[in-house]
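The values are calculated or read from the model by the stated rules, or taken from the named source; none is laboratory data. Note that the structure is predicted; figures quoted are calculated from it, not measured. Note: ideal-geometry Cβ built from the backbone for every residue, glycine included; neighbour counts use all protein chains shown. These accessible areas exclude ligands, DNA and RNA; they are computed on the full protein's heavy atoms, side chains included. Shrake-Rupley method; radii C 1.70, N 1.55, O 1.52, S 1.80 Å.
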Amino acid sequence: MFPPENKPFLRDGVTLRLGIFGGTFNPPHVGHLRLAEEVAPLFGLTRILFIPCHLPPHKSVRYIAPPEDRLEMTHRACADNPLFEVSDMEIAARGPSYTVRTLEAFAARRDEELFFILGTDSLREIHTWKDHERLFSLANFVVVTRPGVDFRSAWAELPASLRAQFHESGDEMIHGTSTRLMPAPVEGLKVSSTLIRTLIREGKSIRYLVTESVRSYIMDRKLYRQ
Ligand code: ATP
């Protein structure tokens, strides 16, 4: 049962709300950082956990940097924001990374209200994720607009059987288990990891699209040149 009836996630008068931000982070860029920064106050998040996956089950990207490099870059990207934390749980678990397993682990702890953060590009294909019927019972979902896909059209593309698990309430979709699927009205930045990798392959600058700490790591390790 989520949220647990007897636990209002309160500590010292503050409701603990955990933002869970899963991704390939190949590499992490200012679009990721900016969206987390904007989402946090909108939903009263008390921390945001960036979780780089080990193997993304859905992505067919030409080149994925080793998990240890993506983890180190994510640490570097998040280093100067006290709200941001990084977890190696999916990388340490090895194998394909399934969001449902990650959310189950946090839901079992029952100590923070969970908000999974994703882009509209991810929402529109969420019905291909493992155990997707279970996903929405485990956490609230906060959806950030990516170029070309707004919340409503991503929602409309989902299978009718999945949409039937929700009812609409204003801008939000309320799940049968009372978790919420919500659009996040944020400005965001039109930056993607694909853009960063392309620029590097073409020998162009990525300065200001990633943190300087991530840029220097990519240069030192000669990542994304092939
Ligand atoms: P790629 O270009 O390789 O597909 P990406 O830039 O989408 O990568 P991911 O690590 O796959 O980065 O993204 C993790 C999550 O963050 C996804 O849910 C994605 O939709 C979202 N996201 C990434 N960049 C942005 C951005 N600029 N604005 C909003 N959401 C973003």
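A few remarks follow.
- Per-residue accessible area (protein heavy atoms, 1.4 Å probe) orders 150, 12 as 12, 150, starting from the largest.
- The ellipsoid equivalent to the alpha-carbon distribution of the stretch 147-215 has semi-axes of 36, 13, 10 angstrom, derived from the gyration tensor eigenvalues as √(5λ) and listed largest first.
- Ranking of 215, 201, 94, 70 by solvent-accessible surface, largest first: 94, 201, 215, 70 (1.4 Å probe, protein heavy atoms only, all chains present).
- Average silhouette area of the chain, convex hull of alpha-carbon atoms, in square nanometres: 12.5
- Of the three principal axes defined by the Cα atoms of the stretch 93-150, the extents in descending order read 36, 27, 20 Å.
- Antiparallel bridge percentage (DSSP; both residues within the chain; nearest 5): 25
- Nearest-ten-degree value, helix 30-43 long axis tilted from longest Cα axis of the chain: 20
- Placed amide H near residue 49: partners under 5 Å, 5+ positions off or other chain: 19, 20, 21, 85
- Ratio Rg/Rh [Cα only; Rh per Kirkwood] for the stretch 31-139: 0.93
- Among beta bridges that DSSP assigns inside the stretch 126-212, antiparallel share in %, nearest 5: 60
- The trypsin sites (Lys or Arg not before Pro) of the stretch 163-195 that DSSP puts in a loop, and whose beta carbon has at most 11 other beta carbons within 10 Å, are 190.
- Shown here for the stretch 155-226: GluC sites (Glu not before Pro) in loop regions (DSSP other than H, G, I, E, B) with at most 13 other Cβ atoms within 10 Å, namely 187, 202.
- Share of Cα-Cα pairs in the stretch 96-226 lying beyond 24 Å, as whole percent: 44
- Nonlocal amide H pairs with residue 146, under 5 Å, H built at 1.01 Å: 120, 121
- Taking a point 7 Å out from the Cα of residue 161 in the direction of its Cβ, the residues of the stretch 125-155 whose backbone N falls within less than 19 Å of it are 125-138, 155.
- Cα-based helix-to-principal-axis angle, 67-78 vs the chain, degrees rounded to 10: 80
- Electrostatic dipole magnitude of the chain [Cβ: Lys, Arg +1; Asp, Glu -1; Cα centre; debye, to 20]: 800
- Scanning the chain for chymotrypsin sites (Phe, Trp or Tyr not before Pro) in DSSP loops with at most 13 neighbouring Cβ atoms within 10 Å leaves 64-207 as the longest stretch between them.
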